[in-house]
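The values are calculated or read from the model by the stated rules, or taken from the named source; none is laboratory data. Everything numeric in this text was worked out from a predicted model, so none of it was measured. Positions of Cβ are generated from backbone atoms using ideal geometry, with glycine treated the same way; all protein chains shown enter the neighbour counts.
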2 protein chains.
Amino acid sequence: MATMTETPHLTLDLDAPGVRLGHLVVPKGHDYEALSLPVFSINRGEGPRLLITGGIHGDELEGPIVARRLMDWLPEAQTCGRVIIAPEINPLAVQAWTRNTPVDGKNLNRVFPGRADGSVSERIADAVSRILLPMADTVFDLHSFGPTWDFPPAVVTHPIADADLMAKTVWMAEAFKMPVTLIWEHPDRVGMLDTWAHSQGKVIAVTELGGGGVGAEALAIYEDGVRNGLIALGLVKGRSAAPTFRHQNSSRTLKKLLSDELRSPARGIFDPRSSVLDEVKQGDLIGVLHPMDSLSAGSIEIYAPSTSIVCGMRCGGYVEAGENIFYLAGTHKSSVASSE
Amino acid sequence: MATMTETPHLTLDLDAPGVRLGHLVVPKGHDYEALSLPVFSINRGEGPRLLITGGIHGDELEGPIVARRLMDWLPEAQTCGRVIIAPEINPLAVQAWTRNTPVDGKNLNRVFPGRADGSVSERIADAVSRILLPMADTVFDLHSFGPTWDFPPAVVTHPIADADLMAKTVWMAEAFKMPVTLIWEHPDRVGMLDTWAHSQGKVIAVTELGGGGVGAEALAIYEDGVRNGLIALGLVKGRSAAPTFRHQNSSRTLKKLLSDELRSPARGIFDPRSSVLDEVKQGDLIGVLHPMDSLSAGSIEIYAPSTSIVCGMRCGGYVEAGENIFYLAGTHKSSVASSE
């Protein structure tokens, strides 16, 4: 019996009008059987074409939850265009509640555009890149910070060399009206879905839907934010909401440089003395690292190196020396004229 | 060369006056080398004798953090008696950020009083039971609910058959003035540290210092609660604080029965629609379970089976069918006259 080389394919017709449910089939490979990624599609004819992905990292469940919530009301609310939702593109990692894919140990968000003959993460990336991404002009990739980091509700973009695409991307990100829009200077961008989407000329809004535990109040903010994005694109009618987060009702655009990452001075347990969105001054005590192997080592106080805003902070996990424990940020002075 | 059978021992003298630092040495066994558990001791002479333990489960870091914070101010604040603090009694689990000990896969809080010739968890339990526990009349064992559950700041006790010990235990628990004191009916109590401590006639306050991510605001509440416990025992002078949690400034005593545990109707992702300490009525929507393997399965709504208070709720992790997703609770009508 000959082994046919399967190619990734859909079990639903995205061109059919109305609501469709099905799967994106990722073929089996040398390391794992075929996977069926759930896919939801609404085709309301002419208009914007949007792809929403969730669950690229398995310990970021806010994205799949918000994506499932959208499916409840989008059939009533969407007036034009096409929306494809793939709420859980890495089911192996989601089921294991791990960032990386357990079968091959790879970070799915570092292997785009993937390889048809690669390991399972690379085959997922290949299927998403070849089958779903070409169907869309705009992508919402729903991340969060996972259980070991606290983070405010945010939409993030990395700096993009193409000024026009950067302007469109910042406009899209700010349209979510999340408490934070963040320009994120990142040391390691090869293989990210957003890097690949940029190379294809697409606008991609990467959300960071908080961190730590998943809770009802925060999920309502995330859902509002994604709905604001759909309204801005014209897919849904209505007025955008400005969510209240930690008693603040404002959105701001921040910038995190590589130098805004603070690393742990030792191994031990991190004790936060500040909270996300705190505005801290140079010299403020913002955390303590407790070495635990011996108490005579003493605790190490961590001070803000400059006046800045606490954007992300460890909230779980044992910390090794040199691991990031803080992402600070500053106010971003946009060089882009507001296009709203 | 003869192999000496080592016995657990301390590298510090608990009878020496003042502050001492050292280790509790857990001998090596067939599965792992010797462990040195950090120990801090203050001896201020006559008075109550208190043991504080943290890190019995490795993914509950609030306990070790609060224990380390106590060490900063207790030398100035403690006026009499003895306090022994072992902030991290399961370093293998803490370093791995896992509930169970990674070497033997055991839950340290199910193997008390342990075995000298057992696996590493059993050897830790044996060392704590034989060396530390006899030094104390009262124990504070600092738990929290870990990254996959949300929970309010609480002190918990299981029902105790001995009415006098139960009354003393509830008095001690309520003295923390945490938002919740909880009488917890538990199906699986063999081998717990508190069960063993009860059998030795000791009063033990088991804290549950929240759940989900570790944050500065919540840690301040936990630290206040433990300080209130020290004040009630007479070890520290001062007025107890009544911490504000979720805009409420009150403490209440609740009771969770075995029938107050709600299990997931399917495997998938849990979407909370209520928050801890919400008072819910029979029939209220409190959560949704999203099966993810196929979207055509549809989401399953979860309703409150009776009027109750949401005490604990999943906030992370993929959920299997039959796993607990809610701990509800009702108001406890104390049969014990207030002894405060």
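Scan the stretch A:236-244 and give yes if some residue there is more than 18 Å from A:G55 (Cα to Cα), at pLDDT 95 or above and touching a Pro at 6+ places or on another chain (Cβ under 7 Å), otherwise no. No, the stretch A:236-244 contains no residue that is more than 18 Å from A:G55 (Cα to Cα), at pLDDT 95 or above and touching a Pro at 6+ places or on another chain (Cβ under 7 Å).
Of the candidates B:G191, B:G146, the single residue that is within 14 Å of chain A (Cβ to nearest Cβ) and at pLDDT 95 or above is B:G146. Tell me, please, whether a residue that is assigned to a loop (DSSP other than H, G, I, E, B) and closer than 17 Å to B:F176 by Cβ can be found in the stretch B:215-235. Yes, there is a match, as at least one residue in the stretch B:215-235 is assigned to a loop (DSSP other than H, G, I, E, B) and closer than 17 Å to B:F176 by Cβ. Candidates are the residues of the stretch B:82-119 that are among the small types (G, A, S) and under 15 Å from B:V26 (Cβ atoms); the one that is surrounded by the fewest Cβ atoms within 10 Å (Cβ to Cβ) is B:A116. Checking the structure you have, find out if any residue of the stretch B:110-129 is under 27 Å from A:W149 (Cβ atoms) and touching a Lys or Arg at 6+ places or on another chain (Cβ under 7 Å). No - not one qualifying residue is present in the stretch B:110-129. Taken as a whole, the stretch B:214-230 holds no residue that is hydroxyl-bearing (S, T, Y), without any contact (Cβ under 8 Å) to a residue 40 or more places away in the chain and under 30 Å from A:L289 (Cβ atoms).
What about A:D13, is it surrounded by fewer than 19 Cβ atoms within 10 Å (Cβ to Cβ) and either free of Cβ contacts under 8 Å to residues at least 40 places away in the same chain or of a type in the set (S, T, N, Q) (or both)? In short, yes.
For the structure I just gave you, tell me whether A:V190 is in a helix (DSSP H, G or I), over 12 Å from the mean Cα position of the chain (by Cα) and not aromatic (F, W, Y). No; evaluated as a whole, the condition is false for this residue. Among the residues of the stretch A:254-271, those identified as more than 25 Å from A:K333 (Cβ to Cβ) and buried (at least 22 other Cβ atoms within 10 Å of the Cβ) are A:G268, A:I269, A:F270, A:D271.
Which is in a helix (DSSP H, G or I), among the hydrophobic types (A, V, I, L, M, F, W, C), touching a residue at least 12 places away in the same chain (Cβ under 8 Å) and within 28 Å of A:R69 (Cβ to Cβ), of A:A205, A:A197?
Selected residue: A:A197, the only one of A:A205, A:A197 that is in a helix (DSSP H, G or I), among the hydrophobic types (A, V, I, L, M, F, W, C), touching a residue at least 12 places away in the same chain (Cβ under 8 Å) and within 28 Å of A:R69 (Cβ to Cβ).
Only one entry of B:G234, B:G229, B:G298 meets the criterion of being away from every other protein chain (no Cβ under 14 Å), out of contact with any Asp or Glu (no Cβ under 8 Å at 6 or more places or on another chain) and at positive phi, and that entry is B:G234. Among residues of the stretch B:27-44 that are closer than 17 Å to A:H290 by Cα, those with a Cβ under 8 angstrom from a residue that is at pLDDT below 95 and not hydrophobic (A, V, I, L, M, F, W, C), sequence gap 6+ or separate chain, pair up as B:S36/A:D293; B:S36/A:S294; B:P38/A:D293; B:P38/A:S294. So, in the stretch B:113-155, exactly how many residues are in a helix (DSSP H, G or I) and closer than 17 Å to B:G63 by Cα? Result for the stretch B:113-155: 1. The requirement of being surrounded by 14 or more Cβ atoms within 10 Å (Cβ to Cβ), within 14 Å of chain B (Cβ to nearest Cβ), farther than 30 Å from A:F140 by Cα and over 25 Å from the mean Cα position of the chain (by Cα) is not satisfied by A:V319.
Might you check whether a residue that is assigned to a loop (DSSP other than H, G, I, E, B), in contact (Cβ under 8 Å) with a residue 40 or more places away in the chain and within 30 Å of B:S41 (Cβ to Cβ) occurs anywhere in the stretch B:305-318?
No: zero hits.
Would you be able to tell me the number of residues in the stretch A:272-285 that are facing chain B (nearest Cβ under 9 Å) and outside any loop (DSSP other than H, G, I, E, B)? Selection size over the stretch A:272-285: 1.
Residues are listed down the side, and each one gets a yes or a no for (1) within 14 Å of another protein chain (Cβ to nearest Cβ); (2) buried (at least 24 other Cβ atoms within 10 Å of the Cβ); (3) on the phi < 0 side of the Ramachandran plot:
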site: B:D162; (1), (2), (3): no, no, yes
site: B:K168; (1), (2), (3): no, no, yes
site: B:M172; (1), (2), (3): no, no, yes
site: B:F176; (1), (2), (3): no, yes, yes
site: B:H186; (1), (2), (3): no, no, yes
site: B:T195; (1), (2), (3): no, no, yes
site: B:H198; (1), (2), (3): no, no, yes
site: B:A205; (1), (2), (3): no, yes, yes
site: B:A216; (1), (2), (3): yes, no, yes
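Check the stretch B:258-267 and report whether any residue there is modelled with pLDDT under 95, within 19 Å of B:E185 (Cβ to Cβ), in a helix (DSSP H, G or I) and not charged (D, E, K, R). Among the residues of the stretch B:258-267, at least one is modelled with pLDDT under 95, within 19 Å of B:E185 (Cβ to Cβ), in a helix (DSSP H, G or I) and not charged (D, E, K, R), which makes the answer yes. Being in contact (Cβ under 8 Å) with a residue 12 or more places away in the chain and either within 27 Å of the chain's Cα centre (by Cα) or surrounded by fewer than 16 Cβ atoms within 10 Å (Cβ to Cβ) (or both) holds for only one residue in B:S274, B:S299, and it is B:S274. Looking at A:R314, is it under 24 Å from the mean Cα position of the chain (by Cα) and either buried (at least 22 other Cβ atoms within 10 Å of the Cβ) or among the small types (G, A, S) (or both)? When the stated conditions are applied, A:R314 passes them. Kindly indicate the residue of the stretch A:132-143 that is more than 14 Å from chain B (Cβ to nearest Cβ) and within 30 Å of A:Y318 (Cα to Cα) and also nearest to the chain's Cα centre (by Cα) among those meeting that condition. In this case the residue turns out to be A:H143.
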